[in-house]
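Trainee: My questions all concern the structure below.
Every read-out reported here was derived from the displayed coordinates using simple, explicitly stated rules and does not represent laboratory data. Predicted model, so just to flag it, every value in this text is computed and none were measured. Note that each Cβ is placed from the backbone with ideal geometry, even for glycine, and that neighbours are counted across all protein chains shown.
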Amino acid sequence: MEWCDSMPKVELHAHLNGSIRDSTLLELARELGEKGVLVFSDFEHVILKSDRSLVEVFKLFDLIHMVTTDHTTITRITREVIEDFASENVVYLELRTTPKKNKSIGMTKRSYMEAVVEGLKSISSVDVAFMPHDVDARSSLNSLPVDNARNVTPRKRIYVRLLLSIDRRETTEDAMETVKLALELKDVGVVGIDLSGNPIVGEWTTFLPALQFAKENGLDITLHCGEVPNPKEIQAMLDFWPQRVGHACFFQGEDWENLKRLNIPVEICFTSNLRTNSISSIDVHHFADLYKANHPLVICTDDSGVFSTSVSKEYSLAASAFGLGKKEIFQLARDAIEFIFAEDEVKTILKQMFDSFVTNLA
Ligand code: 6MZ
């Protein structure tokens, strides 16, 4: 675990509102409890429950959104989530979130995203590079996650890019609004679109026009795919040929063949899959087969707050469950650089950061 914590890492599947610290959630709920907006003890009970089905997870998200969705809180949780990932030596983070509207507090999808960007700008404890071409090789190498000779902990640096999520509850128009917003926000580090939300809700054809539009306009796309058994949708999603897919828990023979033929990288979220019972135990996780087949994979958290995990814990889990040594784990983490949505300059810097980590260990 210590090794997994110290090595640089890339996180490509993290939902903002699923990555909130428990302590922050409870603090926010306590405040709303005092105002009589909710019953704090009920909220606390749900938040601290450890095992929940996929259906319960989505009920929990509705509850989380009740306490988080105002501009100030969105700014705060963005800051905290990035600080938390940086503290475990994540050097590149693609953070995804669903832009939300709430007329009663004057929130639009755009103002929601402005609050997120405000959060990125407000971080002072670590160096955050989120603007395109904000690539500073020297300062990145100075901020490697190793102690220097004088045992002074170097200042950490994290590259952050944003993905805007379309929630499966949304209409075609809502989805299109999100894609147009993403295109307008490229300058502040938005690089792609995610399709997520309760997988038993909504139809693929509802989102397809917006996703097609996103693709045509140069946004990269990742889809939650095969989180529940839905062969037709899985097939349609693979036919769309997204840049990455998340989960892939309920793929069958032909789906695996298509995935491998198209070489689509898979975002693997062990704890999330296990806690939601999408996978019965880690030793039957599809990671093993894909890893053996040399298929592109990236280990991720999904919702580090909701599932009480971290990127380091997920790598540790892979190491112990599949007998991977330091060399294999490091290679897995480094290979993930190829699947990021940021520009090639960032890839080059990240590779240098990973390689300097090894040199410094020698
Ligand atoms: C599908 C998920 C998810 O966008 O409000 N989300 N969608 N499967 C999952 N696996 C368990 N985990 C999170 O973050 C929370 C939202 O992300 C999606 C859901 O739409 C959830 O409401 P944001 O920041």
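Trainee: May I ask which residue of LEU63, SER6, ILE47 lies farthest towards the positive end of the charge dipole of the stretch 1-99, with charges of +1 (Lys, Arg) and -1 (Asp, Glu) on Cβ and the Cα centre as origin?
Mentor: The residue sitting farthest along the positive end of the dipole is LEU63.
Trainee: How large is the charge dipole for the chain, taken about the Cα centre, if only the Cβ atoms of Lys, Arg (+1) and Asp, Glu (-1) carry charge, to the nearest 20 debye?
Mentor: The dipole of the chain has a size of about 440 debye.
Trainee: Now a separate question. Of all DSSP beta bridges in the chain, what percent run antiparallel (nearest 5)?
Mentor: 5
Trainee: Among TYR112, TYR92, which comes first, then next, by fewest other beta-carbon atoms within 10 Å?
Mentor: TYR112, TYR92
Trainee: Using the structure shown, list the pairs from LYS109/LYS232; LYS327/LYS347; LYS180/LYS215; LYS100/LYS121 with a Cα-Cα distance above 22 Å, or answer none.
Mentor: Those over the limit are LYS109/LYS232.
Trainee: Which longest uninterrupted range of the chain lacks any trypsin sites (Lys or Arg not before Pro) assigned by DSSP to a loop state (not H, G, I, E or B) and surrounded by at most 10 other Cβ atoms within 10 Å?
Mentor: Longest gap between qualifying sites, sites excluded: 151-362.
Trainee: So for the chain, taking the charge dipole from beta-carbon charges (+1 Lys/Arg, -1 Asp/Glu), which of CYS249, SER304, VAL160 sits furthest toward the positive end?
Mentor: VAL160
Trainee: Need one word for the stretch 143-269: rounded, prolate or oblate. Basis is the Cα gyration tensor (sqrt eigenvalues a ≥ b ≥ c); a/c below 1.5 gives rounded, then a/b vs b/c decides. Working shown, then result.
Mentor: Values: a/c = 2.49, a/b = 1.52, b/c = 1.64.
The shape class here is oblate.
Trainee: Quick one, what does Rg over Rh come out to for the stretch 264-362 if you take C-alpha atoms and the Kirkwood Rh? Can you show the working numbers first?
Mentor: On the way: Rg = 14.2 Å, Rh = 14.5 Å.
Here the Rg-to-Rh quotient is 0.98.
Trainee: From the Cα gyration tensor of the chain, with a ≥ b ≥ c the square roots of its eigenvalues, which class applies: rounded if a/c is under 1.5, or else prolate if a/b is larger than b/c, or else oblate?
Mentor: Verdict is rounded for the chain.
Trainee: What are the aspartates and glutamates whose alpha-carbon lies under 12 Å from the alpha-carbon of LYS351, with same-chain residues fewer than 8 places away excluded?
Mentor: ASP335, GLU338
Trainee: For the residues ILE123, ILE337, ILE158, ILE105, what sequence is obtained by ranking on other C-beta atoms within 10 Å, fewest first?
Mentor: ILE105, ILE123, ILE337, ILE158
Trainee: Report, ordered by chain and residue number, the lysines lying within cross-link reach of LYS49, taken as a straight Cα distance under 18 Å and ignoring same-chain residues fewer than 8 apart.
Mentor: LYS59
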